[in-house]
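Asker: Below is a structure I'd like to ask you about.
The values are calculated or read from the model by the stated rules, or taken from the named source; none is laboratory data. Here the structure is a predicted model, which means the values were calculated and not measured. Neighbour counts are summed over all protein chains in view; Cβ atoms, including those assigned to glycine, are modelled from backbone coordinates with ideal geometry. Please note that ligands, DNA and RNA were not included when accessible areas were found on the heavy atoms of the full protein model with its side chains. Shrake-Rupley method; radii C 1.70, N 1.55, O 1.52, S 1.80 Å.
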Amino acid sequence: MSEVTPNPSQKPEKYKRHLANYLIDKDFQLRFFLNFSLLFLFGLLLTLGFLFWTHSTKYDKGVVFRLREDTVKVYQKGFEFKDGEEKEKFVEREIALPDYDHSLDMFTIQFKGILLFSLLYLFMSAAFVIVYSHRMAGPIYNIKKNLRAFLAGEEVEKIRLRQGDEFQELADLLNKVIDQKSRERKQ
């Protein structure tokens, strides 16, 4: 038999990663992705809805007007009929003119709104992560506790997980292994 000697000038073939290598537990990973994507879309729709509202209300092209408190006297041209003739007449009126509010422009309104919605989205994401990670961390803690007890030679009850927890299949497989090893110990 001839032995193949490696050529030092050749580089070893690298392991190529494919998407299939990242999707190990497709159901779990896709469900996690879907839940997080729905949360992201909800936050995006809230922000876009707010931006649409600011553009469709009183805020016109980045300028916010409010009526001044002091009124201005103006004279409006009008007509009146006197002795069958139409004559020009100026009527005095008091009106409140619009005044630019320097504290409110479109950037400020949108910045404050987006900041508010970003903070809301951050809190929603934190709540999602805490709840969803609890559905993963709880079973892992339970499985570790039972495996430590089993390795210490203690009698271990069946691993029970709450409905909706992740890793149900793993717990079932470990329960079978523990049952089988417990029977072997008793023999």
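Asker: Quick check on this structure: which one of 130, 178, 143 is of a type outside the set (Phe, Trp, Tyr), part of a helix (DSSP H, G or I) and under 28 Å from residue 40 (Cβ atoms)?
Answerer: Details: 178 fails: under 28 Å from residue 40 (Cβ atoms); 143 fails: under 28 Å from residue 40 (Cβ atoms).
The match here is 130.
Asker: Let me ask another. Could you please let me know if residue 174 is at pLDDT 85 or above and surrounded by fewer than 11 Cβ atoms within 10 Å (Cβ to Cβ)?
Answerer: Details: at pLDDT 85 or above: yes; surrounded by fewer than 11 Cβ atoms within 10 Å (Cβ to Cβ): no.
It is false that residue 174 is at pLDDT 85 or above and surrounded by fewer than 11 Cβ atoms within 10 Å (Cβ to Cβ).
Residues checked against (1) over 30 Å from residue 52 (Cβ atoms); (2) out of contact with any strand residue (DSSP E or B) (no Cβ under 6 Å at 6 or more places or on another chain); (3) of a type outside the set (A, V, I, L, M); (4) without any contact (Cβ under 8 Å) to a residue 60 or more places away in the chain:
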{"site": "121", "(1), (2), (3), (4)": "no, yes, yes, no"}
{"site": "128", "(1), (2), (3), (4)": "no, yes, yes, no"}
{"site": "133", "(1), (2), (3), (4)": "yes, yes, yes, yes"}
{"site": "146", "(1), (2), (3), (4)": "yes, yes, yes, yes"}
{"site": "154", "(1), (2), (3), (4)": "yes, yes, yes, yes"}
{"site": "164", "(1), (2), (3), (4)": "yes, yes, yes, yes"}
{"site": "172", "(1), (2), (3), (4)": "yes, yes, yes, yes"}
{"site": "177", "(1), (2), (3), (4)": "yes, yes, no, yes"}
{"site": "183", "(1), (2), (3), (4)": "yes, yes, yes, yes"}
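Asker: Another question, then. Any idea which of (1) surrounded by 11 or more Cβ atoms within 10 Å (Cβ to Cβ); (2) farther than 30 Å from residue 51 by Cα; (3) among the aliphatic types (A, V, I, L, M) is the one residue 109 doesn't satisfy?
Answerer: (2)
Asker: Would you check which residues across segment 146-171 are open to solvent by less than 100 Å² (accessible area, probe 1.4 Å), outside any helix (DSSP H, G or I) and closer than 27 Å to residue 129 by Cβ and list them?
Answerer: Those that are open to solvent by less than 100 Å² (accessible area, probe 1.4 Å), outside any helix (DSSP H, G or I) and closer than 27 Å to residue 129 by Cβ: 159, 161, 164, 165, 166, 167.
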